[in-house]
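Colleague: Once you've had a glance at the structure underneath, I'll fire off some questions.
The values are calculated or read from the model by the stated rules, or taken from the named source; none is laboratory data. Quick caveat, the model's predicted, so the values are computed rather than measured. Every residue, glycine among them, receives a Cβ derived from its backbone with ideal geometry; neighbour counts consider all protein chains shown. Only protein heavy atoms, including side chains, enter the accessible area calculation; ligands, DNA and RNA are left aside. Shrake-Rupley method; radii C 1.70, N 1.55, O 1.52, S 1.80 Å.
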Number of protein chains: 2
Amino acid sequence: MRFDLFDLQLFVAIAEAGNLTQASNKLHIVPSASSARIKQLEDSFGVRLFHRASTGLSLTPAGQAMLFHARRILLRANRMRDELSEFSRGLQGVVRIFSISIGATVYLPKALSSFLTKHAQVSVEIEEHISDDIIRAVREYRADIGIIGGKFAVDELQIFPYANERLVVLASVDHPICARPDISFEEALDLDFIGLNPHNTLNLFLIRQANQVGKTFRTRALVRGPYEASAMVVGNAGITIVEESVARQCALTMPLRAIPLSDPWALREMQICVRNLGELPPFARDLVAMLRADGTSLTPASAGAAAPSPISNAPSGID
Amino acid sequence: MRFDLFDLQLFVAIAEAGNLTQASNKLHIVPSASSARIKQLEDSFGVRLFHRASTGLSLTPAGQAMLFHARRILLRANRMRDELSEFSRGLQGVVRIFSISIGATVYLPKALSSFLTKHAQVSVEIEEHISDDIIRAVREYRADIGIIGGKFAVDELQIFPYANERLVVLASVDHPICARPDISFEEALDLDFIGLNPHNTLNLFLIRQANQVGKTFRTRALVRGPYEASAMVVGNAGITIVEESVARQCALTMPLRAIPLSDPWALREMQICVRNLGELPPFARDLVAMLRADGTSLTPASAGAAAPSPISNAPSGID
DNA sequence: GCAGTTTACGAAACGCGTAAGAATG
DNA sequence: CATTCTTACGCGTTTCGTAAACTGC
């Protein structure tokens, strides 16, 4: 277990060329040296990796298995080298964020634009996942910061409240329910729905809520995301339920109105989670701080159960 | 880019201990040697990885970034070592299969039991994914064999037909529709449904089919898998749609009946895909051959459009 | 005999440990 | 002055390249 990355490169090259000499030339080494390296690799694992023939080398099954892993190791090593070379060119940090859909598409883009200008030499990676996966990733060091939706029991992680997002019904401006100040989820279920990609935390949550009141979604169509759904909502094919900020975004370009859901649980509490704030580099801590400030300012402590007051549905139209 | 795995181990150990001396002791090396290795690592990347202090070492942001990748490389390398050590103890091959749900839970277990007895020294890894991911994995060498559901346009891969699975409605034995020889999907949509985990290929497919006839699922509950659904079907909470072989399995232990769907598309054509049969080791080719033989024998060329005849719903009950 | 792999061998390079130096609190 | 990291240096091992032997088509 003390082999080189160059051993792996050589191994892969030989496996792909089926030929020790060509692989050796490609890597600017003499065949005898390659031969020795491979032999040593085989000895260290106690397994033959290639079948030898005077016509060339071919993989044994053990070699096939090794090839699989070796390729992945090399890919990762290259990414590492590339990232580090960015540092040598001035990059000062990388922050890896895993977020639920609304965070990755609505909140983070805004929040990050100010962060990135403040920290010009820090780069940010965002991946969209469901809450469960996010928690796992943060725990396992695969993500620095997680944005999750709803209250989760998360031991060993540090949790901070982020934005509170009120869920709203998104409807065409000429839909009857636009006359109302709010609507209960149960009432809304009597209307036709445009469904969103089922593989996200919000949708799984809503389906469970529907079960609890003993009703079901009358899904008229199933589309990828909120923007696709909006297009169908405009045509009055149905309504959909999204977070308020998503609704606002969609209403900017389409004649839509958002009607708040009156149920208590319709105020979804998004949370920021990190393994340990103290472990994070300063710029990442700063990002967490900025997110927290940003999140709470966006939803000013209206955290009381079902307060529909701060939600205006007037400015949601296209007018 | 010619560093050791030991370099990475050392790097991670120092990062975790925050202390070069302790890390060096742990790895049975003298601190001066560690110091030299780290320095060389830093030179090769042109980046400082640690902040030096007389109290110990702490990671720079570049070091943090490297730690992230280094951990993953080491995990992979350990898996590789473990797998190769299996080879040195007699293992003769590994086959990695990615399959859709029904393949992984119904078909492969049966097929593999005979394969594994025939090839006592070959091990098989199965992962469950949706068809799109499976195709990508096979293409990118992450899987040797893929089992996908439905006809896909897959360039560059070799495709073989596998089993044809008729979709059936699963209902409690005392449900009215049990009197019928078959039922159309459109009719079935008028009944209450128990929904399955939405993140699988079959479900996405069914939801789209429902859209096409302009109806929607009246989902009364949403559960993880077919066995959980069966329990609710028995209580007459609703019906569900599954592949016939899944239905058969569930009916073994519960008073259920399977009523075939009469729609032409209800005969789902599962397919085996590989990158290139010639590239695979003999035992993997043999597995593909066994799967193909198995699959076609299970669904004897009833591939004509909507032939409900070969499907008996008599033996599906518990009686 | 040609294309390919492996063995033999001397020289250069590398990495280890010992020992001593330097910095910090 | 104790802890910790770094530099200097001698020694053994590794790894390289050259050259020659070996193997199947």
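Colleague: So A:Leu5 clears everything in (1) within 16 Å of DNA strand D (Cβ to nearest atom); (2) modelled with pLDDT under 95 except one condition, right? Which one?
Modeller: Single failed check for A:Leu5: (2).
Colleague: For the stretch B:85-106, name all the residues that are open to solvent by less than 30 Å² (accessible area, probe 1.4 Å) and either facing another protein chain (nearest Cβ under 7 Å) or among the basic types (Lys, Arg) (or both).
Modeller: Answer for the stretch B:85-106, where residues must be open to solvent by less than 30 Å² (accessible area, probe 1.4 Å) and either facing another protein chain (nearest Cβ under 7 Å) or among the basic types (Lys, Arg) (or both): B:Phe87, B:Gly93, B:Val94, B:Arg96.
Colleague: Then there is this: Are any of the residues in the stretch A:14-26 among the β-branched types (Val, Ile, Thr) and either within 14 Å of another protein chain (Cβ to nearest Cβ) or out of contact with any helix residue (DSSP H, G or I) (no Cβ under 8 Å at 6 or more places or on another chain) (or both)?
Modeller: Within the stretch A:14-26, not a single residue is among the β-branched types (Val, Ile, Thr) and either within 14 Å of another protein chain (Cβ to nearest Cβ) or out of contact with any helix residue (DSSP H, G or I) (no Cβ under 8 Å at 6 or more places or on another chain) (or both).
Residue-wise test of (1) at pLDDT 85 or above; (2) of a type outside the set (Lys, Arg).
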{"position": "B:Gln209", "(1), (2)": "no, yes"}
{"position": "B:Phe217", "(1), (2)": "no, yes"}
{"position": "B:Thr240", "(1), (2)": "yes, yes"}
{"position": "B:Glu243", "(1), (2)": "yes, yes"}
{"position": "B:Arg248", "(1), (2)": "yes, no"}
{"position": "B:Glu269", "(1), (2)": "yes, yes"}
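Colleague: Would you please name the residue that is most open to solvent (accessible area, probe 1.4 Å), looking only at residues in the stretch B:16-40 that are among the hydrophobic types (A, V, I, L, M, F, W, C) and within 11 Å of DNA strand D (Cβ to nearest atom)?
Modeller: Only one residue tops the list, namely B:Val30.
Colleague: Looking at (1) more than 9 Å from DNA strand C (Cβ to nearest atom); (2) away from chain A (no Cβ under 14 Å), which is the only condition B:Ala36 fails?
Modeller: Every condition holds for B:Ala36 apart from (1).
Colleague: Looking at the stretch B:131-143, is at least one residue within 14 Å of chain A (Cβ to nearest Cβ) and among the basic types (Lys, Arg)?
Modeller: Yes, some residue in the stretch B:131-143 is within 14 Å of chain A (Cβ to nearest Cβ) and among the basic types (Lys, Arg).
Colleague: Same structure again: Tell me, please, whether a residue that is in the same structural domain as B:Phe68 (by TED's automatic domain parsing), surrounded by 14 or more Cβ atoms within 10 Å (Cβ to Cβ) and within 10 Å of DNA strand C (Cβ to nearest atom) can be found in the stretch B:46-55.
Modeller: No, the stretch B:46-55 has no match at all.
Colleague: Quick one: count up the residues across the stretch B:125-139 that are closer than 24 Å to B:Glu269 by Cβ and open to solvent by 40 Å² or more (accessible area, probe 1.4 Å).
Modeller: Count: 8.
Colleague: If I go through the stretch B:69-84 residue by residue, how many of them are within 7 Å of chain A (Cβ to nearest Cβ), out of contact with any strand residue (DSSP E or B) (no Cβ under 8 Å at 6 or more places or on another chain) and open to solvent by 20 Å² or more (accessible area, probe 1.4 Å)?
Modeller: 5
Colleague: For the stretch B:62-90, name all the residues that are in contact with a Leu (Cβ under 9 Å, 6 or more places away or on another chain) and in contact (Cβ under 8 Å) with a residue 24 or more places away in the chain.
Modeller: B:Gly63, B:Met66, B:Leu67, B:Ala70, B:Arg71, B:Ile73, B:Leu74, B:Ala77
Colleague: Can you tell me which residues in the stretch A:222-237 are within 20 Å of A:Thr253 (Cβ to Cβ) and touching a helix residue (DSSP H, G or I) at 6+ places or on another chain (Cβ under 6 Å)?
Modeller: A:Val223, A:Pro226, A:Ser230
Colleague: Read through the list (1) within 16 Å of DNA strand C (Cβ to nearest atom); (2) surrounded by 14 or more Cβ atoms within 10 Å (Cβ to Cβ), then give the number of the only condition that A:Asp43 fails.
Modeller: (2)
Colleague: Just give me the residues in the stretch A:216-246 being over 18 Å from A:His175 (Cα atoms) and surrounded by fewer than 18 Cβ atoms within 10 Å (Cβ to Cβ), in sequence order.
Modeller: Of everything in the stretch A:216-246, those that are over 18 Å from A:His175 (Cα atoms) and surrounded by fewer than 18 Cβ atoms within 10 Å (Cβ to Cβ) turn out to be A:Val223, A:Arg224, A:Gly225, A:Tyr227, A:Glu228.
Colleague: Return only the number of the condition from (1) within 16 Å of DNA strand D (Cβ to nearest atom); (2) open to solvent by 20 Å² or more (accessible area, probe 1.4 Å) that B:Ala62 does not satisfy.
Modeller: (2)
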